[in-house]
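Asks: Right, I'll just put the structure down here and ask away after.
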Amino acid sequence: STSHATVESNASDRIKLNVGGKLFETTLSTIRSDGPDSLLYDLSNRSSNDPNPVFIDRDPEIFSVLLSLLRTNHLPSTALRFSKQELADEANFYGIDSHLRAATSPPPFSGIDASIVGTVRPASEGFPSTFTAADNGSVWIAHGGQLSSYDWNLIHSATVRTHLDEIKSICRVWPEIAAVGTSSDAGLHFYNFSGSRHVGSVHWSDPTDPRIFKARVNAITASENSVFASFDCSHRENCILEVDKAKIQIVSQLGRQSGNQAKHMVPMKLTWIQTTGVLVGSAVTGGAFGYSGYIRLWDPRSGEVVWETHEPGASGRSSRFGDSFSAIEVDVEKLLLFKLCSKSGDLAMADMRRLGDDPWVYLKEKNPSLWTDGGDGSISSVVHCYKEQVFVGRGGELEVWSRVQEVIECESERERESDGEGVYRRNFVDKREDSGKGVIKKIEGGGDRLFISREDVEGIEVWESSHSAGAISVL
């Protein structure tokens, strides 16, 4: 009869599993929900004539959590009994790690709604000298002469001991390969996490110039095929080398300069802009007489400078003459340059598609309670762009400028001044107790997280936006 056939098909849609001696029953659609590559999918294809449940010699308590995850796409509260490592290991075993990642990844990152959810601390020498974050939310931390890698779940995956005393700059060249440099040892060095080994080095040399000796790396960035690194020597000679990523060989040299002036300093920050094929370099120095520095854009194909400005004394003196920048940042997605003014503390923006003599729009502070009476020239400041937000660290404080509207084109100076109003809105991200933790040294976003390091503070802070609806964070 038809009713008998229905019972039959329902029974065949179910599967019994014996995990570590505990019996589970679920549907085939649940167990196969992570796709044909998972171990559970394979097991579900076993002959239905076998009356015995499939036996899996694993922990039944964790399996119960993961089965709940497959059923609902959420982790149950019982997940809190286990560490992130335990859950990740079991999810990997069953081949359902993408499910776990979707459930435990933070919500879309909004700076206004962010707070510290934890700290990543390398086991030894916990003071990070630098770090870099990736799109998937993983992070590589340099501490002393070591590099530690943490995956998307912020679980430690590898540590590489390098031959350097302390790493000052780091760049992710391939998913497993880091390019590093330092101000105390010569050369640009490549290390592979998967084999914990040194895979190559590049040195700047010039047989015709004895001043090019033991050149050190100051900044690194990477394009699809190349790595760009700025080198300088103790004689103040400096340049940028373009290195072939696959061969680890020098392709070209650009921006060679020498001298003691601020506008001839080695670039301390490099950013590659994929969409336009332009390299942005900047340097800032602060001293008793205030700040000075430059921003320069190169086309690596021709080696030519396509735009530059240096402060103080740039061409096209603006109404802000004398208020030199103390920090520079590039929004690679939106093609915007940002600078933080050292005296007023104001944030200014320039559209990289329309760079002229004085392209800056000064963002207005419309919230009177956040108005500052000018920046303190001695305060260390950092600017970082992430997901159309601009994060500014002043001393120990963290603020976010969130985009409100698109910038409209304008011609006159007066229009430009007023144009800064209402484009971005500023808020403080941190609570008062956060800002007392130490001076912010570096800010970097990755995978809906913001990572922050502070002077003389162990580890890297992890900031995430809050989950509404009371979901469980296992961090």
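Asks: Per q in 0.10, 0.14, 0.15, 0.24 1/Å, what log10 I(q)/I(0) does a Debye calculation on the alpha-carbon atoms of the range 218-321 return?
Replies: So the normalised log intensities work out to -0.29, -0.55, -0.62, -1.34.
Asks: Per 0.36 nm of contour for each residue apart, how much would the distance between ARG71 and SER183 grow if the chain were fully extended, relative to their Cα-Cα spacing? If you can, show how the numbers build up before the last one.
Replies: Working: separation 112, 0.36 × 112 = 40.32 nm, distance 5.27 nm.
Here the segment from ARG71 to SER183 would lengthen by 35.0 nm.
Asks: For the chain, what does the accessible surface come to per residue with a 1.4 Å probe? Please give it in Å². Present the calculation step by step, with values, prior to reporting the outcome.
Replies: Values: 22380 Å² over 475 residues.
That works out to 47 Å² per residue.
Asks: Go ahead and run the numbers for FRET between TRP307 and ASP244, Cβ-Cβ distance against an R0 of 25 Å, rounding to 0.05.
Replies: Working: r = 26 Å, r/R0 = 1.05.
After rounding to 0.05, the efficiency reads 0.45.
Asks: While we're on this one: Within the accessible area of the chain, what % is carbon and sulfur when the probe is 1.4 Å and the other protein chains stay in place?
Replies: Values: 10660 of 22380 Å².
Taking all protein chains in place, the chain shows 48 percent carbon and sulfur surface.
Asks: I would also like to ask the following. What Rg and what Dmax come out for the range 147-245 when only alpha-carbon atoms are used, in angstroms?
Replies: Here Rg and the maximum Cα pair distance are 14.1, 50 Å.
Asks: While we're looking at this one, here's another question. Grab the beta carbon distance between ARG236 and LEU39, set R0 = 56 Å, and tell me the FRET efficiency rounded to 0.05.
Replies: On the way: r = 60 Å, r/R0 = 1.07.
That pair, ARG236 with LEU39, gives E of 0.40.
Asks: Given a cut-off of under 8 Å on Cα pairs at least six residues apart, what relative contact order in percent is computed for the chain?
Replies: Values: 1035 pairs, mean separation 56.8, N = 475.
Computed value for the chain: 12 percent relative contact order.
Asks: A further question follows. State which stretch of the chain is the longest one without any exposed chymotrypsin sites (Phe, Trp or Tyr not before Pro), exposure meaning a DSSP loop state and at most 16 other Cβ atoms within 10 Å.
Replies: That gives 1-212 as the longest site-free run.
Asks: Using a Förster radius of 30 Å, what is the FRET efficiency between ASP135 and THR285 based on their Cβ-Cβ separation? Nearest 0.05, please. Intermediate values should be presented prior to the final figure.
Replies: Numbers: r = 32 Å, r/R0 = 1.07.
The pair ASP135/THR285 has a calculated efficiency of 0.40.
Asks: Follow-up. Need one number: convex hull volume per residue for the chain, Cα atoms only, in Å³.
Replies: Working: hull volume 92.0 nm³, N = 475.
Per-residue hull volume (Cα only) is 194 Å³.
Asks: Protein chains only, probe 1.4 Å: how do VAL404, VAL284, VAL227 rank by accessible area, largest first?
Replies: On the way: VAL404 70, VAL284 45, VAL227 0 Å².
Putting VAL404, VAL284, VAL227 in descending order of accessible area: VAL404, VAL284, VAL227.
Asks: In nm, what is the difference between 0.36 nm times the number of residues separating ARG432 and VAL251 and their Cα-Cα distance? Show your work: numbers first, answer last.
Replies: Working: separation 181, 0.36 × 181 = 65.16 nm, distance 4.88 nm.
My answer for the length gained is 60.3 nm.
Asks: A 31 angstrom limit on the alpha carbon distance is what I want to check against. Which of LYS214/LYS269; LYS245/LYS364; LYS339/LYS431; LYS245/LYS334; LYS245/LYS431 exceed it? Can you show the working numbers first?
Replies: Details: LYS214/LYS269 20 Å; LYS245/LYS364 42 Å; LYS339/LYS431 25 Å; LYS245/LYS334 26 Å; LYS245/LYS431 42 Å.
The pairs that break the limit, which is 31 Å between Cα atoms, are LYS245/LYS364; LYS245/LYS431.
Asks: Want the number for HIS264 to LYS334: 0.36 nm per residue separation, take away the alpha-carbon distance, what's left? Before the final figure, lay out each step's value.
Replies: Values: separation 70, 0.36 × 70 = 25.20 nm, distance 2.82 nm.
Difference between extended and current length: 22.4 nm.
The values are calculated or read from the model by the stated rules, or taken from the named source; none is laboratory data. The model shown is predicted, which means the values in this text are computed figures rather than measured ones. So basically every Cβ, Gly included, is an ideal-geometry build from the backbone, and we count neighbours across all protein chains shown. Ligands, DNA and RNA are stripped out before the accessible areas are found, and what is left, the full protein with its side chains, is counted by its heavy atoms. Shrake-Rupley method; radii C 1.70, N 1.55, O 1.52, S 1.80 Å.
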